[in-house]
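Comments concern the structure below.
The values are calculated or read from the model by the stated rules, or taken from the named source; none is laboratory data. Keep in mind the model is a prediction, meaning the values are calculated, not measured. FYI the Cβ positions are ideal-geometry reconstructions off the backbone, even for glycines, and counts take in every protein chain you see.
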Amino acid sequence: MIRDYIILLSWLCTVSGKEGYFWHISDIHYDPSYSIQGNGNGRCWNTKNSADIGHTRLNDKMPSAGIYGHYNCDSSWLLIESAAKVMKANPADGIEFVLWTGDALSRHESITEEYRLQYLKNITDLLSHTFTGQFVFPVLGHEDIGLNYSQIANLWSNWLPDEALVTFRENGYYTIEQRSKNYQIISLNTNLWLAANTGIDNRMPSQRAVGSSASVTLAAASPVISDADPANQWHWFGSTLNKARKKGKISR
């Protein structure tokens, strides 16, 4: 659930000396199967007519899920939509940007690539309409994999400039230089280091960008080794930091 993951953080711009703010949104975990008729001790799915997942069915002795969610379950659309409305209705003065740090999709829902893309698009559209006047910097979470980078880049193309889309389409990471604010956003793709025993990395081979000549070096059945540099990310990161340092940029 979103719970306290949507927080308003203050930050100090050392160059201008002015106090500013940004929104940090993380771990939305949207579950399209969430139902108020679901069991709050389970996954909050309505499985009354289902032969499987019997422990999630609701009976008189089990707590029902709430309209806006339940602490033990992933997020309903009403909860996500409500949180977006609150942020839109209560904008703080000086909002500079929005950090969206991934895990938009459910931990439990086993869905096809087509539906994963649609659900991620729904959340992207909601945030686009919520933050029409702010920069949104999206980051991939480990629950967001299962789609290739080009598909996600198409969803986020209104937020990411062309130079950022080049590296994102290839490897899922990017940097954006805010010239007027003298800071630089760097987004890493930590999914490249998912260990083989996470139960998630079997979706990693589909991360390869359509039409890309670069292949992701993390295989589904291979553990990550400590000195590996999948997709050349560490090298790119170091080079990006050195360039920012020479320009006197503050990296975020």
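Structural remarks
- Looking only at region 97-111, and only at residues there that are of a type in the set (A, V, I, L, M, F, W, C) and either surrounded by 18 or more Cβ atoms within 10 Å (Cβ to Cβ) or within 13 Å of the chain's Cα centre (by Cα) (or both), the one that is modelled with the lowest pLDDT: PHE97
- Scanning region 46-71 for residues that are surrounded by fewer than 23 Cβ atoms within 10 Å (Cβ to Cβ) and either at pLDDT 85 or above or touching a Pro at 6+ places or on another chain (Cβ under 9 Å) (or both) turns up ILE67, TYR68.
- Taking the listed residues GLU81, GLU114, the one that is within 28 Å of CYS44 (Cα to Cα), assigned to a helix (DSSP H, G or I), free of Cβ contacts under 8 Å to residues at least 24 places away in the same chain and more than 12 Å from the chain's Cα centre (by Cα) is GLU114, with no other qualifying.
- ILE152 falls short on exactly one of the conditions (1) β-branched (Val, Ile, Thr); (2) outside any helix (DSSP H, G or I); (3) touching an Asp or Glu at 6+ places or on another chain (Cβ under 9 Å), and that condition is (2).
- So SER213, is it surrounded by fewer than 17 Cβ atoms within 10 Å (Cβ to Cβ) and either polar (S, T, N, Q) or at pLDDT 50 or above (or both): yes
- Test for ASN197: is it surrounded by fewer than 20 Cβ atoms within 10 Å (Cβ to Cβ) and modelled with pLDDT of 70 or more: no
- Filter pass, LEU155 being buried (at least 21 other Cβ atoms within 10 Å of the Cβ) and either more than 16 Å from the chain's Cα centre (by Cα) or over 22 Å from LYS243 (Cα atoms) (or both): no
- Single residue of region 132-151 satisfying the filter (of a type in the set (Val, Ile, Thr) and over 26 Å from THR112 (Cα atoms)) that is surrounded by the most Cβ atoms within 10 Å (Cβ to Cβ): VAL136
- Search result, residues across region 161-173 that are buried (at least 21 other Cβ atoms within 10 Å of the Cβ), under 19 Å from LEU120 (Cα atoms) and touching a strand residue (DSSP E or B) at 6+ places or on another chain (Cβ under 8 Å): PHE168, TYR173
- Scan of region 92-149 for residues that are closer than 19 Å to PRO161 by Cα and in contact with a Pro (Cβ under 7 Å, 6 or more places away or on another chain), ordered by number: TRP100
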